[in-house]
Amino acid sequence: MRVWPFRKANDEGKASRKARLQNLLLISHADDRQGLAILDNLCTALEFAKLRFSVLDLKRQRAWPGFGEFAAIVICTEHIEAWQKDKGEELQAYLQAGGGLLVAYRGWNDRFSDLFGVLPRTHAPAMHITTGLEFVSEIFPDVRGLKIGDLDWLFEHSRFDLGASELAADCHLLATDGTGLPIAWKRRVGQGHLCYWNTGALFCRALRGFLLQCVLDVMGTGVCAIPGFAMLHVDDFPPALSNAREEPVAQEFPGIDQQDFYFDIWYEDMMALRRRHDLKVTWYSIMDYDDDAPVRSSVPTEETLADARRILRERFRLAAEAGADGDIDEYGFHGFNHVPLIEASWPDLNVLRQRLELARTFWQDIVPAPLPASWVPANNWYEEDHVRALKAVFPEITAVCSLYSSGITNRGGYREFAREPWEDGLVCLPRDTYGYVCKPDLRMIMLSQLSGMGAWTHFVHPDDVYDVPRGLADTPFCRNPEGAFWRARRENGAPGLLAQFDSWLTRVRSSYPWLEFLTTSQGERRLRSHLGNDVEVWHCDDEIEISTREASLFYIRVGEGIQLSFRTGAEMLDQRKVDGGTLYVVRCEAGRTKVGLTRV
């Protein structure tokens, strides 16, 4: 990122012919708190995507750069009411010549509201608060038809009270609120592209991918780097042993207790999914489910430890009998017990270190795998001193996997795919979706992750099927809120969790066939390579030139009437029709690669 005004850098490199360096201009205002949150979300997306950008803070700098050097302009502030008519004329000329403009935070200015696609009116529209979000166009693969209700994810749109009839005829709707009122639309202006979001909701991380794809769209031809991997985690395997017979499994499989369900039925079905969809799975293990430290004495008795070892051996023996010796791609660490690593649970760090040392010994003696390289925190919670204690006892652990679009930051949640802020020796590979059922909110955050990062991270538990509501208050927090069976349909025709998960994976494989499932260790290597990569992109009239230090995947989005031709060093993995053009996935070798542009 560069903050304008700036001097030209000497290290930008040179394309092999006269070309325009791919660069974006983001316009913000330091006094606009909501706009700064949107700017932060966008900057994070662009940095991960290796898209060069510059920021113009209107409070700090009154002079403007020339628009012509930028592939697109993104307005991240509502403070546009004082812009003079000449600024609208400059934007109009920029778009007419082929530039791109994204209004990422709704703003109003009577002088050029017509540029935004609003029909002439005698006064500014009123502000209204509405909710809901429905995508009516294929902004990127598989998003059209996605409808988010208030019970799925509460989007509160502070929006201008504009109906579709108050927009110009050439405006094309992308998204509406829950009542069908326009939230996002786009239009052509000369040779250029404009997109307007009539909301302040784009600060939301769950919409980050939507934001990035709109940037690529208005660019006309836009290029960004992606790591191109998925991870599937199974937490709590091998599971705790139990001979309980509970619903809904007891009704579907009479006489089957939890232990038989996990190691026979569930495991067999998961392995079938693994083969069918070409998955790799990382399994996260607890050493002792019965340990209740730090509640009891910090020094377990020899008898207690012997019993814990016996049970752990039995859990892994049952896993081996089920076929895990040949099927397990990788084991990761989930904890000595299932108590989250936070001060409220572990006020005495010495007790924690003791349990972690026990976990290391148990692992070396019993777990049929090398010492773990990754850690999923119990409850997806951890705190600063506690993660450092973990790293001290397990220096082999280099990745921590908590949560991405949710969670509490000071509890280790809401993490970026980046270095762990509390421990330099760890990188974060947070999970974003969970469970076996692709509910609307999970589909949204998965698609946002795929479109914004070219990655997907998901986790399940063997006991999810048992987590059914025991009372009305439980329903929103249960992992099987409808009480679905595992394999069979319920009396009302509702499919089992297995079939629903199979459908979910099938849908992902259909829309994103290039996505490569990796173990966490492999995903960490892929992420570190992506984060450390240097990428530059130049645009000519008839080609794109991509410079990448490491071999990488790229999204290349082009407008209607443009086709790509691939030369040495580039391989097309996928192409999909999207709203207004085509989205390609391309693998480029290290070095410089040229991709031809043909207008048809």
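The values are calculated or read from the model by the stated rules, or taken from the named source; none is laboratory data. Just so you know, these numbers come straight off a predicted model, no measurement behind them. Every residue, glycine as well, gets a Cβ built from its backbone with ideal geometry; the counts of neighbours run over all protein chains shown. Surface areas here come from the heavy atoms of the whole protein model, side chains and all, with no ligands, DNA or RNA. Shrake-Rupley method; radii C 1.70, N 1.55, O 1.52, S 1.80 Å.
Structure notes:
- Of the listed requirements (1) closer than 30 Å to Phe477 by Cβ; (2) at pLDDT 95 or above; (3) not in a loop (DSSP other than H, G, I, E, B), Ser158 misses just one: (2).
- Filter result for Thr582 (assigned to a strand (DSSP E or B), within 24 Å of the chain's Cα centre (by Cα) and hydroxyl-bearing (Ser, Thr, Tyr)): yes
- Residues considered: Leu216, Leu232. Of these, the only one that is open to solvent by less than 10 Å² (accessible area, probe 1.4 Å), farther than 27 Å from Thr282 by Cα and either in a loop (DSSP other than H, G, I, E, B) or in contact (Cβ under 8 Å) with a residue 24 or more places away in the chain (or both) is Leu216.
- Pairs linking a residue in the range 272-285 that is closer than 18 Å to Leu312 by Cα to a residue that is part of a loop (DSSP other than H, G, I, E, B) and open to solvent by less than 10 Å² (accessible area, probe 1.4 Å), with Cβ atoms under 6 Å and 6 or more positions apart or on different chains, are Trp283/Phe237; Tyr284/Val376.
- Given (1) on the phi > 0 side of the Ramachandran plot; (2) open to solvent by 50 Å² or more (accessible area, probe 1.4 Å), number of the condition Gly132 does not satisfy: (2)
- Test: residue in the range 390-399 that is among the hydroxyl-bearing types (Ser, Thr, Tyr) and open to solvent by 50 Å² or more (accessible area, probe 1.4 Å): no
- Failed item, numbered, when Ala590 is tested on (1) within 30 Å of Asp467 (Cβ to Cβ); (2) open to solvent by 60 Å² or more (accessible area, probe 1.4 Å); (3) without any contact (Cβ under 8 Å) to a residue 60 or more places away in the chain; (4) of a type in the set (Gly, Ala, Ser): (1)
- Where a residue in the range 496-513 is touching a residue at least 40 places away in the same chain (Cβ under 8 Å) and closer than 16 Å to Gln449 by Cβ and its partner, wherever it lies, is assigned to a helix (DSSP H, G or I) and not basic (Lys, Arg), with Cβ under 6 Å and at least six apart: Tyr512/Leu450
- The number of residues in the range 170-186 that are open to solvent by 20 Å² or more (accessible area, probe 1.4 Å) and either under 21 Å from Thr77 (Cβ atoms) or touching a Lys or Arg at 6+ places or on another chain (Cβ under 7 Å) (or both) comes to 4.
- Arg557 vs. criteria open to solvent by 40 Å² or more (accessible area, probe 1.4 Å) and basic (Lys, Arg): no
- When the test is whether a residue is buried (at least 24 other Cβ atoms within 10 Å of the Cβ) and part of a helix (DSSP H, G or I), Phe261 passes it.
- Residue tally, condition in a loop (DSSP other than H, G, I, E, B) and open to solvent by less than 10 Å² (accessible area, probe 1.4 Å), over the range 71-104: 5
- Some residue of the range 276-299 being hydroxyl-bearing (Ser, Thr, Tyr) and surrounded by fewer than 18 Cβ atoms within 10 Å (Cβ to Cβ): yes
- Subset of the range 57-70 [of a type in the set (A, V, I, L, M, F, W, C) and surrounded by fewer than 21 Cβ atoms within 10 Å (Cβ to Cβ)]: Leu58, Ala63, Trp64, Phe67
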